[in-house]
Every structure is written in structure tokens, then in C-alpha cells.
Amino acid sequence: DYSLYQDLATIYIDDKVAQYTKAVALLEKARLKVKDNQFLNALLCRAYTQLGEYKKVLAIISTNSFAQFEGITGIYACYTTSCIEEGEALFKKGDYAGALKQFQASMNYPESLGPGPMENPPVAESQYWAGLALEKMKKKNEAVKAWRAAVEDGKRGDDRNKKFGAEADQKLKSL
């Protein structure tokens, strides 16, 4: 019964020790038995995000549909984290155009997640990194716009959002 895999994987993910590798193994087995199960896919996204398997998260989200219901949480956060992390990896490799594409994607709500995009999601981190990529691409005016947007967005949200707003502000002051 696939639900047993699902339940045990949930325990592994929510456990204080966070046994993500074991959870992924169980969830991948369960996916072989049941196709298109939103809850399994959501758990798998959470586990892959924690393991740094961002391409796998983006593949799951782009090839599956999700509806908002109890138990399906954090998929948008997995999506944005994966886009930003993939963008940072591309940035470090010198692929600034590819990085910019990922940072911009992180600010969009994918249709596959169904209805329910956040109103005014925190995007200071995405804007900050987009500004860095634009700067490397010699698009200073666009970079400044991205950093200004990051500063404005950084006035709200969690500490991480505020941190990137402050970093964007420092970047603007250094110009």
C-alpha cells in the first residue's frame, strides 16, 4: 500500500533527525506504484529541497499539477528556493543570462501549483541576485532597478528578505 510509504516518509521528513535520504527512497518507490499523487510529489519536493537536489524539485513541479489542500504545504517555497539556488550555481559558473532567468523565474508563480499565489511574496533575494547578474551582463540601469526593488521589498517579510533588502541597499550606496 503506497500510503504506508507516504506515512513513513512523512515521519522521516518531520523527524528531528530529518532522514531525507530515507524519505526520498520511500517516496520514489511509492511513485512507481501511484502516478500523479500530489501529496507524494509535495513530500518529495520538500525532501529534495533539503538534500539540495534543486533540478529534481523543478522537474517535479514542472511536470505535475498541484491543488491547494491540507497537507500540501511549502511547494512554492521549494520552487523559489530551487530557482534561486540553481541561479546561484549558474552565476558562479559565469552563466549570468541563465542565472538571471532562474532568478526571474523564482519571482513568478508557476501554473502547475494551481490557484493560490501569495499576495506580495517576499522577493528581495531574487531581486538582489537578478541585480548582480544584470551588473555582470553590463546592464547597469536594469541592475539598479532590481536592487531598488529589492530594497523596497526588503522593508517587509522575514529576516532573510530584510537581509537581502539591506544588501541591495549597500550595493546601491557603493555605486
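The values are calculated or read from the model by the stated rules, or taken from the named source; none is laboratory data. A quick note: this is a predicted structure, and the numbers were derived from the prediction, not measured. As a convention, Cβ positions derive from the backbone with ideal geometry for all residues, glycine included, and neighbour counts pool all protein chains shown. All accessible areas refer to the heavy atoms of the entire protein, side chains included, with ligands and DNA or RNA removed. Shrake-Rupley method; radii C 1.70, N 1.55, O 1.52, S 1.80 Å.
When the solvent-accessible area of the chain is split by element, carbon and sulfur atoms take up 51 percent of it, the probe being 1.4 Å.
Can you tell me how region 14-63 classifies by the Cα gyration tensor, rounded, prolate or oblate, using a/c under 1.5 as the rounded cut? In terms of gyration-tensor shape, oblate. In this structure, the amide hydrogen of residue 114, modeled 1.01 Å from its nitrogen in the peptide plane, lies closer than 5 angstrom to those of 66, counting only residues at least 5 positions away or on a different chain.
In the full protein context, the chain carries 56 Å² of accessible surface per residue, based on a 1.4 Å probe and ignoring ligands, DNA and RNA.
The candidates 148, 46, arranged from most to least accessible area with a 1.4 Å probe in the full protein assembly, appear as 148, 46.
With each label modelled as a point 7 angstrom along the Cα→C-beta vector, the residue 4-residue 29 pair spans 0.9 nm. Here the convex hull built on the C-alpha positions of region 83-151 has a volume of 78 cubic angstrom per residue. Stokes-Einstein D for the chain at 20 °C, 1.002 mPa s, Kirkwood Rh over Cα pairs, in µm²/s? Answer, rounded: 125 µm²/s. Only helices enter the 222 nm calculation for the chain: every DSSP H run of n ≥ 4 contributes -39,500 (n - 2.57), and dividing by all residues gives -22500 deg cm²/dmol, rounded to 500. Counting only lysines at least 8 places from residue 93 when in the same chain, those with an alpha carbon closer than 30 Å to its own are 55, 56, 101, 136, 138, 139, 140, 145, 162, 163, 171, 173.
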